[in-house]
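Just below is one structure, and these are the notes that go with it.
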Amino acid sequence: MDNARVKARTLSGFMELMPQDQLLFNKIASTLEEHYRLCGFLPLDTPILENSDVLLAKAGGETEKQIYRFTKGDSDLTMRFDLTVPLAKYVALHYNDLVFPFKRYQIGKVYRGERSQRGRFREFYQADIDIIGDGELAITNDAEIPSIIYGVFSALGLTDFTIRINNRKILFGLFLMLSIEEYAEEAMRIVDKIEKIGRDKAAGELRDMGIAAEKVELLLQFIAISGSSEEMLSQLRAFSRGEELFERGIHELECVVKAVSMFGVPEESYKIDLSIARGLDYYTGTVYETSFDKHPEIGSICSGGRYDNLAGHYTDKKLPGVGVSIGLTRLFFILNEMNYLNRQVSTPVDVLVLPMTESYEEAIAFASLLRTNHLNAQIYFEDKKFKNKMSYANRINVPFVAFIGEDEIKQRTVSLKNFISGVQVTVSREEALSVIRGSLEEIGDTKIINCT
RNA sequence: GUGGGUAUAGCUCAGUCGGUUAGAGCACCAGAUUGUGGUUCUGGGUGUCGACGGUUCGAAUCCGUUUACCCACCCCA
């Protein structure tokens, strides 16, 4: 009965795409994967569920509130909320079998039980890369990470993004110099959102925490230092009062910035921004944040940094690492909103084979020929009117339709219609292969993203 | 978790003072057109007005409760 029918719906905060968009999403994901491989990263997949004690070893009060956690029998389980904590567990567990520095990429879904909002999801994909060292990890790795971000975004066809770089040692060092290190964690968070809430409100919040007004002023002045990388570094040096941590931070930042340009990242795509702090407390040095120049309000689509001792909860070994996470679901959401997605490239199949007679034998044979030649082919078997068959081809956005009717069977040919240009030719089946290939190459060259 | 808002067709939304058979655009289906799609023309409403209860001769409309969703905060990709 009708009352028994359940209303079909998708949970809020869970992205569900139409096939054409899913195709684009998958292409973006595979572009990322390809680029990660190109840079020497190895694939990794870990379970979505872990024992709660493993995932929450590190978690503070806030994280715990936003987690999907449940029990099944006697086991207390948690869904992963990022890919970094599972990585830490993985590296600690398989320490003896891994080769360091261990470079891995992982693209997978993560879950956060927070209120969903525009551009914010409860289930979303992260595409992570991390480099883990055994005991030590060279600072140049910190510079390669942003170059990889630049590389993947460029590979997608994106231009208007900025990678902002900072070093938390500088901020910690400053807190030490001002003798306000006890407020460090909360102050970091306020500093981090200064762009959003404004200087005055940030000043108020810092004072409310109990930091003296003149120190707040000094802190905000410091954060606001701007200019080219060179100018900023020299201004930072002038700020130094011989505080060791502060100077180490400046040194690291300098190394990173220099090396980033060696990696070929153009000046306009990255900058030092002293207000980038990152809320997560496991970062200990370099931090990154990437956002779209036109949509800063949606927030970071890619962020990460250096952590000196990630696996500390699972092992005595010191395992420093550096990495970033691209918020793939959010990235896709923004690209869609900005109308940047080039749907022309999302063709589901290359060829739709339409049998025009009762016998499907020749149509199947032709489809097999296409498939053995790595062309995606679909055969339409339904007994519908011709118009419906054409309309189907039109709706699935297929670039070629191949008619196999009486004439074509007799002459061992195929009538091939280019659905984009409308041009139709009747050629031998072997010739059809090269016609299709030639035309697909043109489509293949166009970028997934069209940002003009 | 805190504060504010919304709920009518697959989607975006109208719906007057409470009044008769609840509408528009897009989408979808059928026909014009049995080997040529997109455009056009013609026809078709595909709905528990979120749910439950109350007021009333009469409720999409007023009142109460509830659920879902959206926005902001918190936090974050």
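For the reader, a short list of remarks on this structure follows.
- Contact order normalised by residue count of the stretch A:108-151, Cα under 8 Å, 6+ apart, percent: 29
- About the Cα centre, charge dipole magnitude for chain A (Lys/Arg +1, Asp/Glu -1 at Cβ), debye: 1200
- The Stokes-Einstein estimate for the stretch A:237-289, based on a Kirkwood radius over Cα pairs and taken at 37 °C with 0.692 mPa s viscosity, is a diffusion coefficient of 261 µm²/s.
- Rel. contact order, % - alpha carbon contacts under 8 angstrom, at least six apart, the stretch A:37-190: 19
- Probe 1.4 Å, protein heavy atoms only - accessible area per residue of the stretch A:9-59 in square angstrom: 59
- Computed lengthening from A:SER228 to A:GLU382, 0.36 nm per intervening residue step minus Cα-Cα distance: 49.0 nm
- Non-local Lys pairs in the stretch A:333-452, i.e. 8 or more apart or on different chains, that have alpha carbons under 23 Å apart: 6
- The alpha-carbon atoms of the stretch A:351-451, seen along their principal axes, cover 47, 28, 23 angstrom, with the largest extent given first.
- Note on A:GLU185 and A:ASP407: the model spin-label points, each 7 Å out from Cα along the C-beta direction, lie 7.8 nm apart.
- Per-residue HN-Hα couplings for the stretch A:297-310 [Karplus 6.51, -1.76, 1.60; θ = phi - 60°; Hz; x = Gly/Pro]: 5, 6, x, 6, 9, 6, 8, x, x, 9, 10, 7, 8, 6
- 12 Å cut-off, amide nitrogen to a point 7 angstrom out along A:SER240 Cα→Cβ, residues in the stretch A:141-184: A:170
- Student exercise, the stretch A:80-188 dipole from Lys, Arg, Asp, Glu Cβ charges, in Debye to nearest 20: 560
- Between A:ASN167 and A:VAL287, the built amide H atoms are under 5 Å apart, and every one of these is 5 or more places off in sequence or on another chain.
- Carbon plus sulfur fraction of accessible area for chain A, probe 1.4 Å, in percent: 48
- Here the stretch A:204-350 is treated with +1 on each Lys and Arg Cβ and -1 on each Asp and Glu Cβ, and its dipole about the Cα centre works out to around 340 debye.
- With the charge dipole of chain A set up from +1 on Lys and Arg Cβ and -1 on Asp and Glu Cβ about the Cα centre, the Cα lying farthest toward the positive end among the listed residues A:ALA187, A:LEU32, A:GLY285 is that of A:LEU32.
- Restricting the calculation to alpha carbons of the stretch A:322-384 gives Rg and Dmax of 19.1, 62 angstrom.
- Cα-based radius of gyration of chain A once divided by 2.2 N^0.38 Å, which approximates compact folds: 1.21
- Ranked packing of A:27-34, A:206-213, A:137-144, most packed first, by mean Cβ within 10 Å: A:137-144, A:27-34, A:206-213
- Estimated [θ] at 222 nm from DSSP helical runs (n ≥ 4, -39500 (n - 2.57)) normalised by residues in chain A, nearest 500: -12500 deg cm²/dmol
- Calculated FRET efficiency for the pair A:ASN26/A:LEU176, C-beta based, R₀ 51 Å, to 0.05: 0.60
- Prolate/oblate/rounded label for the stretch A:223-360 (Cα gyration tensor, a/c 1.5): prolate
- Taking every alpha-carbon pair under 8 Å whose residues sit at least 6 apart, the stretch A:237-342 reaches a relative contact order of 16 percent.
- Structural size metrics of the stretch A:109-256, computed from C-alpha coordinates, are Rg and Dmax of 17.9, 48 Å.
The values are calculated or read from the model by the stated rules, or taken from the named source; none is laboratory data. Everything numeric in this text was worked out from a predicted model, so none of it was measured. All Cβ positions, glycine included, derive from the backbone under ideal geometry; neighbour counts span all protein chains shown. Only protein heavy atoms, including side chains, enter the accessible area calculation; ligands, DNA and RNA are left aside. Shrake-Rupley method; radii C 1.70, N 1.55, O 1.52, S 1.80 Å.
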